[in-house]
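To start, the structure itself, in structure tokens.
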Amino acid sequence: MKRRHFLVSAATAAASQGWAGANDRVRVAIIGVGSRGSAHIREILPVANVEIGALVDPDGNRVETNAGMIAQKTGKRPKQTADMRTIFDDKEIDAVTIATTNHWHALSAIWAMQAGKDAYVEKPVSHNIFEGQQIVAAARKYNRICCGGTQRRWWGRWRKAIEMIHGGAIGDVYQGNFFFPGNRESIGFKETKQPPGWLNWDLWLGPAPMQPYHENLVHYNWHWFWDFGNGELGNNGPHLIDISRWGLNKTWPVKVHCTGGRYGYKDQAQTPNTQNVTWTYADGSVIVGQLRGLYTSEPMSWDFFGSKGSMHIMADGKFQVYMGRSKKPEPEVEYPPNLSHFQNFAEAIRARDPKLLHAEIMETHLSTAHCHLGNIAYRMGRELKFDPARVKFVNDSEADKLLTREYRKPYVVPERV
């Protein structure tokens, strides 16, 4: 399918800005129906006036299984396709949710918005920083509702914690720490072979270089190969850095330093299983992140340090505030209820108002970009200085090369959206 078949003209895009859904119904296509896409299905089905109209995945087995489940629950079978481009021409589809492999996230969202669809993009919203910039540019140019999947921004405990931090509960905040235990075992080695008949290998590869199929790529361990994933920092890191950045109210850092490696075993994977990252901002404040894939007794957590006290947030979102040097936490506060992120997405679509979104695409782009910066510092093996105004590294053309990638035609993220 040629690109012009699913790009809309400026006039068409402008006309689609008004909401025209029948009885406020939002019909969505879910692009990528693996573990996360299946979660999208489960979470969308209870949302009033939102209908799953199509499923997209190059794995035909996944599409068939999920379509059957939806039909059983709703009495209506969604459309099924391996090629997402076919749904961009479908006028019955209002929006897409994207839960593909990382290297497809940006192009899927950009194509969808160019075709007049709104987009919900799972984390990380991009495979590199250039792609994140282009998603934001497409959302602005085509006036689309676009958000990312940093779900904790909808959850009551985290919203209350950040509200208190921003309200001065622990004073002026100068540092945020996070810790993530990945508990990753060796993936071993898999031989190359012919792709199975149920998989469209060309579509699965998409923007990535053509290469042989092996079973460590399909379906989960692609996370640990640079062509497709972004390691643990790009996998779970966006959730963690998003909370930390939200709490400190920061946009871009000016320096980034990362150490780590793939420790404990030799296997086929390329990305580190252990990383320690420091992002430094213009005012001297920092975010420090630790991701540990081997053995640890520590649970996932966040910590914020301020001029009056500190806050410790646990994996389930409950938090404790300690004032001054006291070792006794302050009394627990009441948490507001969790919100439905897909309901929030649908409400913003109906209102045509991106300000209603709790995780608008610029916020999730910034959090994802922090992860990319950390990975680039790791791959360069040195501390890097970053210029937020130019969105480039300072006098470092070698590091700048990793801000983007070479794309395999026709799966090219455009320089101009």
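Considering only residues that are at pLDDT 95 or above and aromatic (Phe, Trp, Tyr), look in region 312-352 and name the one that is surrounded by the fewest Cβ atoms within 10 Å (Cβ to Cβ).
Across region 312-352, the extreme among qualifying residues is Tyr322.
What are the pairs with Cβ atoms under 7 angstrom where one residue, in region 80-108, is touching a residue at least 12 places away in the same chain (Cβ under 8 Å) and the other, located anywhere, is assigned to a loop (DSSP other than H, G, I, E, B) and aromatic (Phe, Trp, Tyr)? Sequence gap at least six, or different chains.
Going by the 7 Å Cβ cut-off, the qualifying pairs are Arg85/Phe6; Phe88/Phe6; Asp89/Phe6; Thr101/Phe228; Asn102/Phe228; His103/Phe228; Leu107/Tyr411.
Any idea which of (1) within 30 Å of Val394 (Cα to Cα); (2) touching a Leu at 6+ places or on another chain (Cβ under 8 Å) is the one Asp283 doesn't satisfy?
Unmet condition: (2).
Taking helices (runs of 4 or more DSSP H) that fall entirely within region 48-123, which contain at least 2 residues that are under 21 Å from Asn344 (Cα atoms) and at pLDDT 95 or above? Show your work before the answer.
On the way: elements: 60-74, 85-88, 102-114.
Fully inside region 48-123 and qualifying: 102-114.
If you take just the helices (runs of 4 or more DSSP H) that sit entirely in region 293-404, which of them hold at least 2 residues that are within 20 Å of Gly148 (Cβ to Cβ) and touching a Cys at 6+ places or on another chain (Cβ under 6 Å)?
Numbers: elements: 341-351, 361-380, 397-400.
Hits in region 293-404: 361-380.
Any chance region 191-207 includes a residue that's modelled with pLDDT of 95 or more, under 26 Å from Thr271 (Cβ atoms), touching a strand residue (DSSP E or B) at 6+ places or on another chain (Cβ under 6 Å) and assigned to a loop (DSSP other than H, G, I, E, B)?
yes
Which condition number in (1) of a type outside the set (D, E, K, R); (2) surrounded by fewer than 24 Cβ atoms within 10 Å (Cβ to Cβ); (3) at pLDDT 95 or above is the one that Trp279 fails?
Condition not satisfied by Trp279: (2).
Run Lys409 past the list (1) part of a loop (DSSP other than H, G, I, E, B); (2) over 22 Å from Leu205 (Cα atoms); (3) without any contact (Cβ under 8 Å) to a residue 24 or more places away in the chain and report the number of the one that doesn't hold.
(2)
Considering (1) surrounded by fewer than 24 Cβ atoms within 10 Å (Cβ to Cβ); (2) in contact with a helix residue (DSSP H, G or I) (Cβ under 6 Å, 6 or more places away or on another chain); (3) in a loop (DSSP other than H, G, I, E, B); (4) not polar (S, T, N, Q), say which one Ile162 fails and leave the rest.
The single condition Ile162 does not satisfy is (3).
Considering (1) more than 19 Å from Thr271 (Cα to Cα); (2) among the aliphatic types (A, V, I, L, M); (3) in contact (Cβ under 8 Å) with a residue 60 or more places away in the chain; (4) assigned by TED's automatic domain parsing to the domain that holds Tyr281, say which one Leu373 fails and leave the rest.
So the condition that Leu373 fails would be (1).
Condition first: closer than 22 Å to Arg85 by Cβ and either crowded, with 23+ Cβ neighbours inside 10 Å or of a type in the set (Asp, Glu) (or both). Now tell me which residues in region 139-156 satisfy that.
Correct list: Ala139, Tyr142, Arg144, Ile145, Cys146.
All but one of (1) surrounded by fewer than 16 Cβ atoms within 10 Å (Cβ to Cβ); (2) without any contact (Cβ under 8 Å) to a residue 24 or more places away in the chain hold for Glu383; state the number of the condition that does not hold.
If we test Glu383 against (1) surrounded by fewer than 16 Cβ atoms within 10 Å (Cβ to Cβ); (2) without any contact (Cβ under 8 Å) to a residue 24 or more places away in the chain, just (2) comes out false.
Out of region 237-258, which residues are in a helix (DSSP H, G or I) and of a type in the set (Phe, Trp, Tyr)? Don't jump to the end; show me each part of the working.
Going residue by residue through region 237-258, those that are in a helix (DSSP H, G or I) are 237-248.
Listed by number, the list holds a single entry, Trp246.
The values are calculated or read from the model by the stated rules, or taken from the named source; none is laboratory data. These numbers come from a predicted model, not from an experiment. In this analysis, Cβ positions are derived from the backbone assuming ideal geometry, glycine residues included, and neighbour counts consider all displayed protein chains.
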